[in-house]
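Everything below concerns the one structure shown next.
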Amino acid sequence: RKPLCCSGVVHMKCCFLSQAYLRMCNLPVHVSCRSNAEYMSPSGKVPFVHVGNQVVSELGPIVQFTKAKLYIQWCDDTTATEISRPRYSSPYSWPLNQILAYQKQWEVRRKMNAIGWAGKSLEQVYEDVSQCCQALSQRLGTQPYFFNKQPTELDALVFGHLFTILTTRLTSDELGEKIKSYSNLLAFCRRIEQSYFEDSQAGSSSRGYSKGPSLF
């Protein structure tokens, strides 16, 4: 059983993405949410996987948020004030919680500025997301997975991004509605959740743990 360590307030997309891919490979996974997960990782990035005596972090692209998700969470003032900073700072006591939350926001905005996204409007970001969803929807078509019948790392990658957007509370539902307008993408996310997460959700409930986010 491979322990997968995630931060409970951030990086949930990466955690779902990692879980999905490991489950597709038929590997048993135990998820451990730690407030200090970033400091346990050898690279400071989460999620990371602990296998025997080995700790593996930065699993390819899975540690990266989509540009749109980062922008909305940290560059939109309303979302950052009402949701992102309180959620990010929740494991810590004052004044460290405030310092870390503002430091995170500053880091993200600096990255957005470096890649030319700082000057974008919300409408432009939503349009970028819509174009991305359209391309994914056309590539998926009527197939159950992107390469027909068997899931691959690409399916885990796409699921991690879409599922987190669909199940994360934001000040506006517009981002999630962009995805929901493509019925095959929504069905794709439900298919992977039902195939690879249903037993895990049921087990958590039976042990008295709170059930994770779900599309059902």
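I'd like to verify a number: residues in region 69-88 that are in contact with a Phe, Trp or Tyr (Cβ under 9 Å, 6 or more places away or on another chain), among the polar types (S, T, N, Q) and open to solvent by 10 Å² or more (accessible area, probe 1.4 Å), how many?
1
Looking at ARG169, ARG139, can you tell me which residue is under 17 Å from the mean Cα position of the chain (by Cα) and loosely packed, with under 14 Cβ neighbours inside 10 Å?
Working: ARG139 fails: under 17 Å from the mean Cα position of the chain (by Cα).
When all the criteria are applied, what remains is ARG169.
State whether the residues of region 139-150 include one that is hydrophobic (A, V, I, L, M, F, W, C) and not in a loop (DSSP other than H, G, I, E, B). Before you say what the answer is, go through the steps one by one.
Step one: filter region 139-150 for residues hydrophobic (A, V, I, L, M, F, W, C), giving 140, 146-147.
Next cut, not in a loop (DSSP other than H, G, I, E, B) only: 140.
Yes - at least one qualifying residue is present in region 139-150.
Give me the pairs: first residue in region 171-182 and within 14 Å of ASP76 (Cβ to Cβ), second residue of a type in the set (Ser, Thr, Tyr) and exposed (fewer than 15 other Cβ atoms within 10 Å of the Cβ), beta-carbon distance under 6 Å, and six or more apart or on different chains, which are they?
THR171/THR78
Please identify the pairs in which a residue from region 109-120 that is surrounded by 13 or more Cβ atoms within 10 Å (Cβ to Cβ) has its Cβ atom under 9 Å from the Cβ atom of a residue that is hydroxyl-bearing (Ser, Thr, Tyr), counting only partners at least 6 apart or on another chain.
As it stands, the answer is MET112/TYR71; TRP117/TYR71; ALA118/TYR71; LYS120/TYR71, since those pairs meet every condition given.
Would you say LYS111 is outside any loop (DSSP other than H, G, I, E, B), modelled with pLDDT of 90 or more, under 22 Å from LEU170 (Cβ atoms) and more than 15 Å from the chain's Cα centre (by Cα)? Steps first, please.
Numbers: outside any loop (DSSP other than H, G, I, E, B): yes; modelled with pLDDT of 90 or more: no; under 22 Å from LEU170 (Cβ atoms): yes; more than 15 Å from the chain's Cα centre (by Cα): yes.
No: the conditions fail for LYS111.
The values are calculated or read from the model by the stated rules, or taken from the named source; none is laboratory data. Since the structure is predicted, the reported quantities are computational estimates derived from the model, not experimental observations. Glycine also receives a Cβ, built like all others from the backbone with ideal geometry; neighbour counts cover every protein chain displayed. Side chains included, ligands, DNA and RNA excluded: accessible areas come from the protein's heavy atoms. Shrake-Rupley method; radii C 1.70, N 1.55, O 1.52, S 1.80 Å.
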